[in-house]
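Just so it is clear, none of the values below were taken in a lab; they were calculated from the coordinates. Just so you know, these numbers come straight off a predicted model, no measurement behind them. Cβ sites come from the backbone with ideal geometry, for glycine too, and all protein chains shown count toward neighbours.
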Amino acid sequence: MRLILATRNAHKVRELGPLLTGHELEALPADVESPPEDGDTFAANALGKARAAAAATGRAAIADDSGIEAVALDGAPGVRSARYAGPHASDAQNLAKLLREAPAGSALAYVCALAFVDPVTGAEHLAEGRCTGTLAAQPRGDGGFGYDPAFVPDDDATGRTMAQLDPAEKEAISHRGRAARALARRLAER
């Protein structure tokens, strides 16, 4: 099935493509506006983006909203992960702010919500995935993006950050990988 992926984020397109086997993903067309991410939950933001993409294109769409939650910061940055250091902050600025505000070794969780909306049938599906870990004292590795250089996953006993894992290792344990596999199972049942 061909699906519109409601993002222009090249990192997400690269990560989700191999995870949703049997489906061909197309990035959101340039002329389609993505709604603001103003929901209180990852699920609300993902559903809003998938609904908008499906309505604008008339085609089935999926959307992701994901981020990191720090226990020491009462769940922040949460749904504001991409804007943690400000509305136009870079990944490096967001990561630097997290490293300043949360102590090394503190508990973290990556969270991903993936929404599917089919404007023809009206079907909507939501899948969520989590990956728990701890905050590294300083960034390590150059793979991945966002908070990956400081996220040490609990599911990898080597002590490497997500940015130090190879793509297959990361896919197997990541929040996005878990959500994508759950969504792929739901779509296969249709």
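Worth pointing out:
- Peptide packing: for 38-45, 159-166, the average count of neighbouring Cβ atoms within 10 Å per residue gives the ranking 159-166, 38-45, highest mean first.
- Only helices enter the 222 nm calculation for the chain: every DSSP H run of n ≥ 4 contributes -39,500 (n - 2.57), and dividing by all residues gives -9500 deg cm²/dmol, rounded to 500.
- When only Cα pairs below 8 angstrom with a gap of at least 6 residues are kept, segment 50-108 shows a relative contact order of 28 percent.
- Relative packing of 139-148, 71-80, which averages over residues the other C-beta atoms within 10 Å, highest first: 139-148, 71-80
- Taking Cβ atoms as reference points and 13 Å as the exclusive limit, the residues near S90 contribute a net charge of +1, counting Lys and Arg as +1 and Asp and Glu as -1.
- Positive-pole candidate from F151, A184, N9, dipole of segment 2-188, charges at beta carbon: A184
- Computed from Cα atoms, the angle from the helix 175-188 axis to the main principal axis of the chain rounds to 20 degrees.
- Order of D65, D31, D118 under a 10 Å beta carbon neighbour criterion, fewest first: D31, D118, D65
- Near T134, the amide H atoms lying under 5 Å from its own belong to L108, V152, D154; only residues 5 or more places off or on other chains count, and H is placed 1.01 Å from N.
- Relative contact order of segment 2-188: 19 percent, from C-alpha pairs under 8 Å at least 6 residues apart in sequence.
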